[in-house]
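Participant: Take this structure, written in structure tokens, and hold onto it; I'll ask about it next.
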Amino acid sequence: MQKKIVSAVLILTVLLGVMFSFSSCGEKETEIQKYNVETDVLKVGIMSDNQLQQEGSSEAYSEYLRKGLELFKEKDVDVLVNAGDFTDQATEEAYQNYKKIFDSVYGEDNRPITSMIMGNHDYWLPMFVDCWEIPFKSKMRNRFMEYTGETSPWTHKVINGYHFIACSPTSGDMDDSAYEKKIDWLKSQIEMAVKEDANKPVFVITHSNPKGTVNYKEGGCENLNELFSQYPQVVSISGHTHASLMSESSIWQGEYTALNTQCLSYVSSGMGDVVQEDDSFSADNPIELIMEIENDKITIRRYSILTGEEVKDPWVINLPVNKDEFTYTDEKREAESVAPTWNEGWNLQVTNDENGTWLSFPAAVHPDLVETYKLEFTDNSGNKVVFNKGDSENPVKEEFITCVSDFLRIPDERSKTVRVNLKDFIGENGLKKGEKYTVSITASETFGKSSEAKTAEIVL
């Protein structure tokens, strides 16, 4: 009996020691680090969400990282920003894979200055779904620092007089709690930068986006938005959404500037009920950013890592910062946008195969891109069909289906025919096989302008 008690005490002592060891490391921010690069144009390569696993798995993602780094090296970037989620699960093997790829591209010499942070996945381990508590959080932070070379998950670097503030989340959550413990530190660092030169941009890197800004506006952190809104100098750089840089909603300006960086793994097609062609193209067009900083402007270029070619027109932010002259505001772009149109000869077809019931129709036309299609169904009695989209705990009922297009592809590879699979909306969720319906379809571009409706009668 005595031996058991002694053993228990010893085990408890060891556990406490381990917890203390883990909790005391990787918790502190580092002092400001200053760098000078001999260049008139500071080039910053930006990527995120590599989602790497151990070597030999997720080979496509490993190759995307390699190609992305090779492009940065070819373009001679001075600074490398990574907005988190190096790993899919934060195993040592996954980080080893990252370091092996990085070292193979850059070697020991002429490495770029880095400004890197953790993402939510960089707190996750395969054995633990919930890895937020000490000692696991600190262990993950130490692992991140070991393999990236960063001195802390929270750094402030001044490069050629420009401030780069890198702020990792403090847990694997992506709501306001991820940054609430770092808001005061972030504010102090931004204040310091603005006090030094109020006319210069201040680059703040977080994994989650500030809420109400880029791409999926419903997501993100409200406390980041509240903080950044006090400083028009802030250029927020975030990842996490996996949203495509083909969308012009990847940059936003209001009280400040927010920028999304597309992941270099799987790309999210968008917010909708179903995706054209069942999302068979989610990794077809990996894109990364190169930001060129000059005295009078910031130019942000999008590059396909598969072709090495620039994608779409660059975004330009004039300096010194003046929010009254911001170009990429919701108001300005909504005013300038135009609605999609339809070509002649529009028609609608219904087909069935082993994968489901498909609606097919010619794609709408737009100078930039069509992001979504809205489908409404009316039955023989003139009643709109109501779709059950939620679950028993969170029921959602709506009178339409939103289909996300294949806009994330490069224009030449986008399908000229939209195919929508209705399999999840037949039966108790809305539609009935063998019934006759009138279908109304509208197409919408990024900033909400919609086409005229096309209608047709179908039998499922």
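Please treat every number below as a calculation from the coordinates, not as lab data. These numbers were taken from a predicted model, which means no experiment stands behind them. Cβ: placed from backbone, ideal geometry, glycine included. Neighbour counts: every protein chain shown.
Participant: Mind checking which lysines have their Cα closer than 16 Å to the Cα of LYS423? Skip sequence neighbours fewer than 8 apart in that chain.
Facilitator: LYS389, LYS432, LYS433
Participant: Right, another one. In square nanometres, what is one fourth of the surface area of the convex hull spanned by the alpha carbons of the chain?
Facilitator: Details: hull surface 108.4 nm².
Taking the Cα atoms of the chain, their convex hull projects to 27.1 nm² on average.
Participant: Separate question: According to a simple spin-label model (label point 7 Å from Cα along Cα-to-Cβ), what is the distance in nm between SER450 and SER177?
Facilitator: Distance between the two pseudo-spin positions: 3.7 nm.
Participant: Right, something else. Need one word for region 333-379: rounded, prolate or oblate. Basis is the Cα gyration tensor (sqrt eigenvalues a ≥ b ≥ c); a/c below 1.5 gives rounded, then a/b vs b/c decides.
Facilitator: Details: a/c = 2.38, a/b = 2.13, b/c = 1.12.
Verdict is prolate for region 333-379.
Participant: Measure off 7 Å from each Cα along the Cα-to-Cβ vector at LYS28 and LYS416, then give the distance between these two points in nanometres to one decimal.
Facilitator: The answer from the label model is 6.5 nm.
Participant: Filter LYS100/LYS416; LYS99/LYS416; LYS34/LYS139 down to the pairs with a C-alpha to C-alpha distance above 31 Å, please.
Facilitator: Values: LYS100/LYS416 41 Å; LYS99/LYS416 41 Å; LYS34/LYS139 28 Å.
Pairs exceeding the cut-off: LYS100/LYS416; LYS99/LYS416.
Participant: Can I ask one more? Looking only at region 357-391, which residues have a backbone nitrogen under 18 Å from a spot 7 Å from the Cα of TRP346 in the C-beta direction?
Facilitator: Counting only backbone N, you get 359-378.
Participant: With 19 Å as the cut-off, how large is the P(r) tail for region 43-154, expressed as percent of Cα-Cα pairs?
Facilitator: On the way: 2504 of 6216 pairs.
For region 43-154, the share of Cα pairs beyond 19 Å comes to 40 percent.
Participant: Note the full-extension length gain between ASN318 and ASN383 as 0.36 nm times their separation in residues minus their Cα-Cα distance, in nm to one decimal.
Facilitator: Details: separation 65, 0.36 × 65 = 23.40 nm, distance 5.24 nm.
Extra length available between ASN318 and ASN383 comes to 18.2 nm.
Participant: Using just the alpha carbons, could you tell me how many Å³ per residue the convex hull of region 359-400 encloses? Kindly include the intermediate steps, with their values, before the conclusion.
Facilitator: Values: hull volume 4.9 nm³, N = 42.
In region 359-400, the Cα convex hull volume per residue is 116 Å³.
Participant: Just from its helices, what would the mean residue ellipticity at 222 nm be for the chain, if runs of 4 or more DSSP H residues each count -39500 (n - 2.57) and the sum is divided by every residue, rounded to the nearest 500 deg cm²/dmol? Provide the component values of the computation, followed by the final result.
Facilitator: Working: 7 runs with 94 residues, N = 460.
Rounded to the nearest 500, the figure is -6500 deg cm²/dmol.
Participant: Starting from the Cα gyration tensor of region 349-459, multiply each eigenvalue by 5, take the square root, and state the resulting semi-axes largest first in whole Å. Write down the numbers at each step before the final one.
Facilitator: Working: eigenvalues 117, 51, 44 Å².
Working through the eigenvalues yields semi-axes of 24, 16, 15 Å.
Participant: From the phi angles alone, apply the Karplus equation (6.51, -1.76, 1.60; θ = phi - 60°) to region 160-165 and give each ³J(HN,Hα) in whole Hz, x where the residue is Gly or Pro.
Facilitator: 6, x, 9, 8, 10, 10
Participant: Right, next: What distance in nm separates the two pseudo spin-label positions at ILE458 and MET271, each 7 Å out from Cα along the beta-carbon direction?
Facilitator: Each label point is offset 7 Å from its Cα along the Cβ direction, giving 2.5 nm.
Participant: Still on this model: Using the Kirkwood radius built from alpha carbon pairs, what does the Stokes-Einstein equation give as D for region 307-367 at 4 °C and 1.567 mPa s, in µm² per second?
Facilitator: On the way: Rh = 16.5 Å.
So the translational diffusion coefficient is about 78 µm²/s.
Participant: Using alpha carbons only, how many angstrom separate the centre of region 153-209 from the centre of region 217-269?
Facilitator: Taking the Cα centre of region 217-269 as reference, the centre of region 153-209 is 14 Å away.
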